[in-house]
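Let me begin by presenting the structure, written as structure tokens, before commenting on it.
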Amino acid sequence: MERSLETQVDQAVEAWLRWVPRWEPSTHRGRVAPCRRCLGSPVLSAAGIGANVPHGVQHGLSTRIKTIVDHAVAEYTARNLPMLQGELDQQAARN
């Protein structure tokens, strides 16, 4: 049985919350350019994670949620939009 989207998000957030206490700042120089995934993310804003939170912590949550969303969109596209899925498959084969 496939897990609901809500269950997947709950599990991702729980995993992130278990990870956060173990997080340590990087010892190398930080990013020069802002991360497009995290900068202004509506997901992070909805979670109450502001710009004052270190990027590594933000990125950990946004990456987990993006993976879930990408998978859900891919499943929906394959199931409900076969012509678009065909075009995407052709594009992937070319790359």
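The values are calculated or read from the model by the stated rules, or taken from the named source; none is laboratory data. Note that the structure is a prediction, hence the values are computed from the model and not measured. Counting neighbours? That spans all protein chains shown, and the Cβs are built from the backbone with ideal geometry, glycine included.
Within the range 23-50, track down each residue that is closer than 27 Å to Thr7 by Cα and either over 13 Å from the mean Cα position of the chain (by Cα) or among the aliphatic types (A, V, I, L, M) (or both).
Result: Trp23, Leu39, Gly40, Val43, Leu44, Ser45, Ala46, Ala47, Gly48, Ile49, Gly50.
Identify all residues within the range 20-60 that are outside any loop (DSSP other than H, G, I, E, B) and closer than 24 Å to Ala72 by Cα; write none if there are none.
If the condition is that a residue be outside any loop (DSSP other than H, G, I, E, B) and closer than 24 Å to Ala72 by Cα, then Pro42, Val43, Leu44, Ser45, Ala46, Val57, Gln58, His59, Gly60 are the ones that fit.
So which residues in the range 22-58 are closer than 19 Å to Val69 by Cβ, touching a helix residue (DSSP H, G or I) at 6+ places or on another chain (Cβ under 8 Å) and of a type outside the set (Ser, Thr, Tyr), if there are any at all?
Cys35, Arg37, Cys38, Val43, Leu44, Ala47, Ile49, Gln58
Residues in the range 1-19 that are in a loop (DSSP other than H, G, I, E, B) and loosely packed, with under 10 Cβ neighbours inside 10 Å: how many?
Summing the residues that are in a loop (DSSP other than H, G, I, E, B) and loosely packed, with under 10 Cβ neighbours inside 10 Å in the range 1-19 gives 3.
Quick check: anything in the range 55-65 at pLDDT below 95, surrounded by fewer than 11 Cβ atoms within 10 Å (Cβ to Cβ) and out of contact with any Asp or Glu (no Cβ under 6 Å at 6 or more places or on another chain)?
No, there is no match, as no residue in the range 55-65 is at pLDDT below 95, surrounded by fewer than 11 Cβ atoms within 10 Å (Cβ to Cβ) and out of contact with any Asp or Glu (no Cβ under 6 Å at 6 or more places or on another chain).
List every residue pair whose Cβ atoms lie under 6 Å apart, where the two residues are 6 or more positions apart in sequence or sit on different chains, the first residue falls within the range 1-14 and is under 14 Å from Thr67 (Cα atoms) and in contact (Cβ under 8 Å) with a residue 24 or more places away in the chain, and the second residue, located anywhere, is part of a helix (DSSP H, G or I) and of a type in the set (Lys, Arg).
Ala12/Arg64
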